[in-house]
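Just so it is clear, none of the values below were taken in a lab; they were calculated from the coordinates. Owing to the predicted nature of the structure, the values given are computational and were not obtained by experimental measurement. Cβ sites come from the backbone with ideal geometry, for glycine too, and all protein chains shown count toward neighbours.
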Amino acid sequence: MSTSSSKTRSAATKATSGKRILLVEDEPSALSLFSKILRDEGHEVIETQNGEEAIEKVAQDKETRIDLLISDLVMPGVGGLELASRFREMFPSTKILLLSGYTEDVVILEEKLSQDTHFLPKPFRSDTLRSKVQELLTD
């Protein structure tokens, strides 16, 4: 990476750091890894392992500002699409990023995603997650 592109990335990162992200992932190792990547970018990360827990956390304090919801699509109980729908009702302006390792989910999702809901297929590189989060938080 050149010095000028490093400076550009650094400035963009500073502009989007400090955001509050609700991270929902039922795989503990993925939850830990994604959380570390996001925290390293300066974000506050609220970790939950399923949709029910995520809903409980935000319902406890409706004044809590969530800038971005990142959720696994396929989880036991409340899955990512249902969580996104419920979350959209509570926080209409929050961006949503759904993750999935099941390629057939992409076709299903294209029909169901709202304009403010985005998708990132697993596996992905840490830079891809950083870039997507930065893109969503600067829109």
| message | With the crude spin-label approximation of a point 7 Å out along Cα→Cβ, what separation in nm comes out for Thr128 versus Glu63? | response | 4.0 nm
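Please compute the length gained on full extension between Arg86 and Leu120, using 0.36 nm multiplied by the number of residues separating them and subtracting their Cα-Cα distance. Numbers along the way, then the final one.
Working: separation 34, 0.36 × 34 = 12.24 nm, distance 1.99 nm.
Stretched out fully, the Arg86 to Leu120 stretch lengthens by 10.2 nm.
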